[in-house]
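Peer 1: Below you will find the structure I want to go over with you.
Quick note: the coordinates plus some simple rules give every number you see, no bench work behind them. Small disclaimer: the values here were computed from a predicted structure and weren't measured. Note that we place each Cβ from the backbone using ideal geometry, even for glycine, and neighbour counts take in every protein chain shown.
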Amino acid sequence: MRINLLLVLTLCLFTTEKTLAQTCDCKANFEWVKKTFEENDAGFQYALNMKGKDAFEAHNQKIAEKVKTAKTTTECANVLDEWLRFFRNGHKYLVAKNPSPAPIQITTGTIPANWETLNIDVNDFKKEIAKKKDPEYEGIWKTQGYELGITKKGNEYIAFVINSEAPGWTSGKLKFRINIATKDATYYKWGFDEVKTRNVEFLGKNHLIVNNVSFKRVFPENLKDEPKFEEFDKAINASSPYFVKRNATTCYLRIPSFHEENIPIIDSILNANKKLLLNTKNLIIDVRNNGGGSDFTYNSIIPYLYTNPIRRMGIEFFSTKLNNQRMLKLIENEYFSASEKERFKRYYEVLEKHIGEFVNLDNKVVNIDTLKTQYKYPQNVGIIINGGCGSATEQFLLEAKQSKKVKLFGVTTFGSLDISNMNMVVSPDGEFELGYCLSRSLRIPGFAIDGKGLQPDYFMDDVIEEPDWIDFVNDTLNK
């Protein structure tokens, strides 16, 4: 019997930071977060054993001092998140909620005085850019929440706001600057915090990455890229799974997330293309920046990879009154079948009998999954991974890489799987949501993944630019 995990990961990759102005009782919220986490998180004692009580007490004292000066929900959220970072990198979070339906307002003094602003007429700017045969970085670019213009001034490219959903980021304000010679950048986040970064990539003609934020060129509109850049742009910005027959020997499946809402999408894709998959030599599965979700979501993929029994280490759930409510929530989830919901009900009943204990719900240290059918095709499966892969995606990789067909291509994954199965609870005052974990893997400490990640079989070094990764995998599978 297989226990399917709900593995959710919050990664700080292509993210923004909203500034909330509400006042908040940070001391009371710190006490709530600390008590809730210590009493219910499945990894609390594990982290304490690893780092020691003295380090933990010193950390508590430091945070308690910062709590005293935190007045707004944003300031408090930052301090409470810092407290949580003591325990692990992923599979925990603290976010400020905005209970008011009114637009978020910036208070006096939030916006730094004398912020550099460019007085540029957008229509005139577009006319000038349109005259250039190769505008390079110059033009109009979009990312979530922003439309920016980039203009060349001296030895720098300067990005200025055209339109923005971010509070305080009005038209003309400088968003980032890039040194043309060194490619170093100064980037300003949502809350006007300055970041110095060397993370600048200009890919093709229409794709720009600055400080891990991805920008798409929208003007000039007639700049045609090589197919590999268009393919990369489509893949890296995909919000939903999709499938293509890439060439005569290779199919390509892109899965940006294993969240439960993608279960019917992936199942539908595989059903519609089953004949094609079973008659094509190679399959590329691209899970870059897939932070996880649920391992129910990838169940239908496994048969196409399977060559031999798959071994999975069991997990133990930490039983508390609060934690066990998660099983009741799963029963209400529309994406699970009647039999799965019945299993969740049984799990709840077992857990309630063992409050304060870790419970192995199937009483197995190792689970072995076997399938009756082994497909001849695909013969070779290449899975593309990167540092944005974590949680349920790492569980998928652990299972997939046991197949003789499968090789991993890319760079080391995020490393957030040992302590998993997240639960989300809201603070008594409704200002914050805390995410913590319900289970721990029986792999630890012998095969820990948290903070380490999974290694690829084929490392994509810096010589292989990311838009070339799919071609590299395709060529390798065909050798």
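Peer 1: May I ask you to list the residues of the range 414-449 whose amide nitrogen lies under 18 Å from a point 7 Å from Cα along the Cα→beta-carbon direction of Lys35?
Peer 2: Residues 425-436 qualify, since their backbone N sits under 18 Å from the label point.
Peer 1: Follow-up question, since we're still on this one. Kindly put Val425, Val79 in sequence by how many other C-beta atoms sit within 10 Å of each C-beta, fewest to most. Write out the running numbers ahead of the final one.
Peer 2: Values: Val425 18, Val79 23.
Listing Val425, Val79 from fewest to most nearby Cβ atoms yields Val425, Val79.
Peer 1: Note the direction-averaged projected area, equal to a quarter of the hull surface, for the Cα convex hull of the chain, in nm². Write down the numbers at each step before the final one.
Peer 2: Values: hull surface 101.4 nm².
Mean orientational projected area (the chain, Cα hull): 25.3 nm².
Peer 1: Please list the non-local residues whose amide H lies under 5 Å from the amide H of Leu118, H modeled 1.01 Å from N, same-chain partners needing a gap of 5 or more.
Peer 2: Here Lys173, Leu174 satisfy the definition.
Peer 1: Taking the Cα atoms of the range 229-289 alone, what are Rg (to one decimal) and Dmax (as a whole number) in Å?
Peer 2: Expressed in Å, the Cα Rg and Dmax of the range 229-289 come to 11.6, 32.
Peer 1: Lys132 to Gln144: extension gain in nm, 0.36 nm per residue of separation minus the Cα-Cα distance? Show your work: numbers first, answer last.
Peer 2: Values: separation 12, 0.36 × 12 = 4.32 nm, distance 2.70 nm.
Result: 1.6 nm gained on full extension.
Peer 1: Listing Ser439, Ser403, Ser239 from the residue with the fewest other Cβ atoms within 10 Å to the one with the most, what is the order?
Peer 2: Ascending Cβ contact count within 10 Å gives the list Ser239, Ser403, Ser439.
Peer 1: I would also like to ask the following. As an exercise, find the ratio Rg/Rh for the range 18-96 from alpha-carbon atoms, using the Kirkwood inverse-distance average for Rh. Don't jump to the answer; show the numbers that get you there.
Peer 2: Values: Rg = 12.5 Å, Rh = 13.0 Å.
Ratio of gyration radius to Kirkwood radius for the range 18-96: 0.97.
Peer 1: Got a sec to turn the phi values of the range 450-466 into Karplus ³J(HN,Hα) couplings, 6.51 cos²θ - 1.76 cosθ + 1.60 with θ = phi - 60°, whole Hz, x for Gly and Pro?
Peer 2: 4, x, 10, x, 9, 8, x, 6, 10, 7, 8, 6, 5, 5, 8, 5, 4
Peer 1: Taking 0.36 nm per residue of separation and subtracting the Cα-Cα distance, what length does fully extending Val95 through Lys376 add? It would help to have the intermediate numbers written out before the result.
Peer 2: Values: separation 281, 0.36 × 281 = 101.16 nm, distance 4.73 nm.
Between Val95 and Lys376, full extension yields an extra 96.4 nm.
Peer 1: Could I ask something else about it? Once phi is turned into ³J(HN,Hα) by the Karplus curve 6.51 cos²θ - 1.76 cosθ + 1.60 with θ = phi - 60°, what whole-Hz value does each residue of the range 436-449 show in order, with x for glycine and proline?
Peer 2: 9, 10, 9, 9, 10, 7, 7, 5, 7, x, x, 9, 6, 10
Peer 1: Tell me, what HN-Hα J-couplings in whole Hz come from the Karplus equation 6.51 cos²θ - 1.76 cosθ + 1.60 at θ = phi - 60° for each residue of the range 368-385, using x for Gly and Pro?
Peer 2: Result, ordered by residue: 10, 9, 10, 10, 6, 10, 10, 7, 5, 10, x, 7, 10, 10, x, 10, 8, 10 Hz.
Peer 1: A further question on this structure: Would you mind calculating the gained length between Glu261 and Asn163 on full extension (0.36 nm times residue separation, minus the Cα-Cα distance), in nm to one decimal?
Peer 2: Values: separation 98, 0.36 × 98 = 35.28 nm, distance 3.13 nm.
Full extension of this stretch gives 32.2 nm more.
Peer 1: Compute the distance in nm between two label points, each set 7 Å from the Cα along the Cα-to-Cβ direction, one at Gln61 and one at Asn78.
Peer 2: Modelled inter-label distance: 2.4 nm.
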